[in-house]
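A.B. asks: Mind having a look at this structure? Questions to follow.
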Amino acid sequence: MNKNNLSIIKATGLEMNFNLRKILDNISFEIKNGERIGLVGYNGTGKTTLANILTGKLTADNGVIEKSPDLQIGYLTQSIDYEGNEISSIDGDLLQHSSELGLKKVYQWGENRLNHLSGGEKLKLALSNVWASKPGFLILDEPTNHLDFKGIDWLIGELEKFKGPVLIISHDRHFLDKTVTRIFEIENSKLHFYNGNYSDYQKEKQHRLETQMHHYEVQQRKKEEIEMQMEQLTSWSEKAHRTSTKQGRDFGNKEYHRVKAKKRDAQVKSKMKRLQSELEKNKIDKPLEETKVRFQFDTKGNRGKRIIEAKSLTKSFDERALFRDSHFYINHGERIGLLGENGCGKTTLIKMILGETSVISGELWKSESLKVAYLSQDVDNIPPDKTALEALGFTDRENILKARTLFANLGLKEQFITKPIGTLSLGERTRVKLVDMLMKEYDVLILDEPTNHLDLPSREQLEKTLNEFEGAIITVSHDYYFLNKLCDKLLVFENQRIKRLEMKPEEYFNKNSAEPTNIKETLMIIENRIATILGELSLIDQKNPKYNELDSEFNALLREKRKLM
């Protein structure tokens, strides 16, 4: 028997409810050895809940989980928070993996260093720990959050070598395209299955929606015809009864017409019953429209060309130089991406711009009139016992109404914004922070991993909205698609220096290649554009003039991709 056909986990009839809300409704699936599965869906649909059921952290209300005997599950959770004492017993495997991820001399790190890890360093230690446990089945919940591009490439390579099955919960389109061959989608408490990577799934889902809409429209036309027939039959039946009562005083003649009317009535009822049955048979529901996510911004306009400038900027931490003698500037309206490995000082620079961390030496000048909105990586610092509306702190009717509208546009319904924040998913908490940010007036956005925990529709809408923002944007992101679509200039952290580059991330990643137009890179560019087009197609109607233009480009790119493969 082929080992890859062996079932590792089988779930049957899983059901799960939270606070009287059905999260999972009678779902069944099987995961076989060697499979690479991406688990996708809107925030709060139950992806992490399903992962916790598979690992035994949660027990389903109904249903059965069958696992292979002695199955070792390596589970990377979304929320990573290492304390110093958790690194006290590190073995050779953990050291090897942490070193491959760029974490040097972990065994020498003191308690102070361990308690001041960046988000990326925490995640790398957690990933190293999962790998060192030698699992037979991997469940990775948002594994690329906080990882730099070097870390993502390492993880893609390790997953290629891993022999067991992998279940990946992720909103990183590039990562899913590179790693998975099947998609499980949770939608309306049900599980739907697609073959292929994320781009294949998005295309197939669009095709399914269009097909379902076509069948639904055909059904509606048939329904109208049947209802017209039923209305006509009812009219005939009523006419027959009226006629039977107007046939004079002759009892025999009157009785004849009454019997005839009853017979016609019976025929009509029988026909209507058949028509009703035809309506109910193979009933097709109207496809649910994708939630339209909308962001809105208030901008104050141009306050002067140069807004930030650094001269000989230097910063160290515990005698470790993050960057030194760095010179750069940022102008109003520019889109700046911060690039560099985890721990190089990107978040530290952000804190210096915000005035939360001091400048050791050199100068960091900011325009005095500058108003900055900051979205940080940390979504756990919102009071867990307060509701979303209470956490925002608005008391006047106008702001409360505006906040409710923003929550609705972000896909957070009324029942979520009146719940304690501690009961919300990380993605839902990120949306609370986004609404808080969007309610302010500003001319600079600083975004530290803004797409972490956001579902795919929200990521794609955020990209479009940020492109409409007139102020400056400074962003740290591991999301290749997001960063490349948004930023046209870079601040790169290399060799303990920060330098400004007038190029897009794509150009930077390809600049050291001996053959910048080789097949692998060309394919990556094509795949990125395909994913972008699919995202745009999913948000516009077929009647939109731009639809045919994008569809033609999509098909041309597919043909070009096939030639190169």
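The values are calculated or read from the model by the stated rules, or taken from the named source; none is laboratory data. No experiment lies behind these values; they were computed from the predicted model shown. When we count neighbours, we look across all protein chains shown, and the Cβ atoms used for this are built from the backbone with ideal geometry, even at glycine. Calculation scope for accessible area: heavy atoms of the full protein, side chains included, ligands and nucleic acids excluded. Shrake-Rupley method; radii C 1.70, N 1.55, O 1.52, S 1.80 Å.
A.B. asks: Condition first: more than 17 Å from D148 (Cβ to Cβ) and either assigned to a loop (DSSP other than H, G, I, E, B) or polar (S, T, N, Q) (or both). Now tell me which residues in the stretch 483-503 satisfy that.
C.D. replies: Selection gives D488, E502, M503.
A.B. asks: Against the definition (part of a loop (DSSP other than H, G, I, E, B), at pLDDT 85 or above and either under 23 Å from A408 (Cα atoms) or small (G, A, S) (or both)), how does G38 come out, yes or no? Even if it seems obvious, please write down each step before you answer.
C.D. replies: Working: part of a loop (DSSP other than H, G, I, E, B): no; at pLDDT 85 or above: yes; either under 23 Å from A408 (Cα atoms) or small (G, A, S) (or both): yes.
Judged against the criteria, G38 is not a match.
A.B. asks: I'm checking my understanding of the structure. Among residues of the stretch 342-367 that are assigned to a loop (DSSP other than H, G, I, E, B) and open to solvent by less than 70 Å² (accessible area, probe 1.4 Å), which one is farthest from F317 (Cα to Cα)? Please lay out each step first, then the result.
C.D. replies: As a first pass, look at the stretch 342-367 and keep what is assigned to a loop (DSSP other than H, G, I, E, B): 342-345, 355-360, 367.
Retained after the next criterion (residues that are open to solvent by less than 70 Å² (accessible area, probe 1.4 Å)): 342-345, 355, 357, 359, 367.
Working: N342: 14, G343: 11, C344: 11, G345: 10, G355: 17, T357: 11, V359: 12, S367: 27 Å.
Applying the filter and picking the extreme gives S367.
A.B. asks: Right, another one. Across the stretch 368-403, what is the total count of residues that are surrounded by 13 or more Cβ atoms within 10 Å (Cβ to Cβ) and either at positive phi or part of a helix (DSSP H, G or I) (or both)?
C.D. replies: 9
A.B. asks: Can I ask one more? Quick check: is even one residue across the stretch 504-515 at pLDDT 75 or above and in a loop (DSSP other than H, G, I, E, B)? Working first, answer last.
C.D. replies: So in the stretch 504-515, the residues at pLDDT 75 or above come out as 504-510.
Add one more test, that the residue is in a loop (DSSP other than H, G, I, E, B), and what stays is 504.
Yes, that holds for at least one residue.
A.B. asks: Does the stretch 531-565 hold any residues that are open to solvent by 80 Å² or more (accessible area, probe 1.4 Å), in contact (Cβ under 8 Å) with a residue 24 or more places away in the chain and over 25 Å from the mean Cα position of the chain (by Cα), and which are they? Working first, answer last.
C.D. replies: Step one: list which residues in the stretch 531-565 are open to solvent by 80 Å² or more (accessible area, probe 1.4 Å), which gives 541-543, 545-546, 548-549, 559-560, 562-563, 565.
Within this subset, residues satisfying the condition of being in contact (Cβ under 8 Å) with a residue 24 or more places away in the chain are 542, 560, 565.
Answer for the stretch 531-565, where residues must be open to solvent by 80 Å² or more (accessible area, probe 1.4 Å), in contact (Cβ under 8 Å) with a residue 24 or more places away in the chain and over 25 Å from the mean Cα position of the chain (by Cα): E560, M565.
A.B. asks: Further, regarding this structure: In the stretch 535-565, how many are under 26 Å from H171 (Cβ atoms) and in a helix (DSSP H, G or I)?
C.D. replies: 12
A.B. asks: Of a type in the set (S, T, N, Q), modelled with pLDDT under 90, open to solvent by 30 Å² or more (accessible area, probe 1.4 Å) and part of a loop (DSSP other than H, G, I, E, B): does that describe S79? Even if it seems obvious, please write down each step before you answer.
C.D. replies: On the way: of a type in the set (S, T, N, Q): yes; modelled with pLDDT under 90: yes; open to solvent by 30 Å² or more (accessible area, probe 1.4 Å): yes; part of a loop (DSSP other than H, G, I, E, B): yes.
It is true that S79 is of a type in the set (S, T, N, Q), modelled with pLDDT under 90, open to solvent by 30 Å² or more (accessible area, probe 1.4 Å) and part of a loop (DSSP other than H, G, I, E, B).
A.B. asks: Which count do you get for residues in the stretch 327-345 that are within 22 Å of L370 (Cα to Cα) and of a type in the set (S, T, N, Q)? Outline the logic, then answer.
C.D. replies: As a first pass, look at the stretch 327-345 and keep what is within 22 Å of L370 (Cα to Cα): 327-338.
Those left that are additionally of a type in the set (S, T, N, Q): 331.
Adding up the residues that qualify gives 1.
A.B. asks: Moving on to the next point. Going by the conditions given, is N52 at negative phi and without any contact (Cβ under 8 Å) to a residue 24 or more places away in the chain? Working first, answer last.
C.D. replies: On the way: at negative phi: yes; without any contact (Cβ under 8 Å) to a residue 24 or more places away in the chain: yes.
Yes: the conditions hold for N52.
A.B. asks: Output the number of residues of the stretch 437-462 satisfying the condition of being modelled with pLDDT of 80 or more and open to solvent by 10 Å² or more (accessible area, probe 1.4 Å).
C.D. replies: 1
A.B. asks: Going through I31, I27 one at a time, which residue ends up being under 18 Å from P135 (Cα atoms) and of a type in the set (A, V, I, L, M)?
C.D. replies: Numbers: I27 fails: under 18 Å from P135 (Cα atoms).
I31 is the lone residue from the list that is under 18 Å from P135 (Cα atoms) and of a type in the set (A, V, I, L, M).
A.B. asks: Please verify whether the stretch 187-204 includes one or more residues that are under 30 Å from L71 (Cβ atoms) and of a type in the set (A, V, I, L, M, F, W, C).
C.D. replies: yes
A.B. asks: Give the number of residues within the stretch 7-49 that are farther than 19 Å from V180 by Cβ, among the aliphatic types (A, V, I, L, M) and either touching a His at 6+ places or on another chain (Cβ under 9 Å) or in contact (Cβ under 8 Å) with a residue 24 or more places away in the chain (or both).
C.D. replies: Within the stretch 7-49, residues that are farther than 19 Å from V180 by Cβ, among the aliphatic types (A, V, I, L, M) and either touching a His at 6+ places or on another chain (Cβ under 9 Å) or in contact (Cβ under 8 Å) with a residue 24 or more places away in the chain (or both) number 4.
A.B. asks: Next up: Which condition from (1) in a helix (DSSP H, G or I); (2) surrounded by fewer than 22 Cβ atoms within 10 Å (Cβ to Cβ) is the one that I473 breaks?
C.D. replies: Just one mismatch for I473, condition (1).
A.B. asks: Any chance you could count how many residues in the stretch 2-24 are under 27 Å from R459 (Cα atoms) and either open to solvent by 40 Å² or more (accessible area, probe 1.4 Å) or outside any strand (DSSP E or B) (or both)?
C.D. replies: From the stretch 2-24, those under 27 Å from R459 (Cα atoms) are 18, 21-24; that's our starting set.
Then keep just the ones that are either open to solvent by 40 Å² or more (accessible area, probe 1.4 Å) or outside any strand (DSSP E or B) (or both); that gives 18, 21-22.
Number satisfying all stated conditions: 3.
A.B. asks: Show the residue pairs that are 6+ apart or on different chains and have beta-carbon atoms under 7 Å apart, the first residue being within the stretch 461-478 and acidic (D, E), the second being modelled with pLDDT of 80 or more.
C.D. replies: Listed by first residue and then by second, the contacts come to E463/F482; E463/K485; E463/L486; E470/G333.
A.B. asks: Those residues that are in a loop (DSSP other than H, G, I, E, B), open to solvent by less than 40 Å² (accessible area, probe 1.4 Å) and more than 24 Å from G196 (Cα to Cα), I need them from the stretch 45-76; list them, please.
C.D. replies: First pass over the stretch 45-76, keeping only residues in a loop (DSSP other than H, G, I, E, B): 45-46, 56-61, 68-72.
Still in the list and also open to solvent by less than 40 Å² (accessible area, probe 1.4 Å): 45-46, 60, 68.
Residues satisfying the conditions are A60, S68.
A.B. asks: Sticking with this structure for a sec: Mind counting the residues in the stretch 201-218 that are over 16 Å from L539 (Cα atoms) and without any contact (Cβ under 8 Å) to a residue 12 or more places away in the chain?
C.D. replies: Initial filter on the stretch 201-218 (over 16 Å from L539 (Cα atoms)): 211-212, 214-218.
From the residues that got through so far, the ones that are without any contact (Cβ under 8 Å) to a residue 12 or more places away in the chain too are 211, 214, 217-218.
Qualifying residue count for the region: 4.
A.B. asks: Every residue in the stretch 132-167 that is over 21 Å from H478 (Cβ atoms) and buried (at least 20 other Cβ atoms within 10 Å of the Cβ), please. Quick ask: steps written out before the conclusion?
C.D. replies: Going through the stretch 132-167, the residues over 21 Å from H478 (Cβ atoms) turn out to be 132-137, 161, 163-165.
Once the filter is applied, which keeps residues that are over 21 Å from H478 (Cβ atoms) and buried (at least 20 other Cβ atoms within 10 Å of the Cβ), the stretch 132-167 yields F137, P165.
A.B. asks: Something else: Residues that are within 22 Å of K122 (Cα to Cα) and modelled with pLDDT of 90 or more: find the strands (runs of 3 or more DSSP E) completely inside the stretch 145-203 holding 1 or more of those.
C.D. replies: Values: elements: 166-169, 182-187, 190-195.
Per the criteria, 166-169.
A.B. asks: Also, I was wondering about something else. Go through S99, S128 for me and flag whichever is part of a helix (DSSP H, G or I), touching a helix residue (DSSP H, G or I) at 6+ places or on another chain (Cβ under 7 Å) and at pLDDT below 90.
C.D. replies: Numbers: S99 fails: touching a helix residue (DSSP H, G or I) at 6+ places or on another chain (Cβ under 7 Å).
Being part of a helix (DSSP H, G or I), touching a helix residue (DSSP H, G or I) at 6+ places or on another chain (Cβ under 7 Å) and at pLDDT below 90 holds for just one of S99, S128, which is S128.
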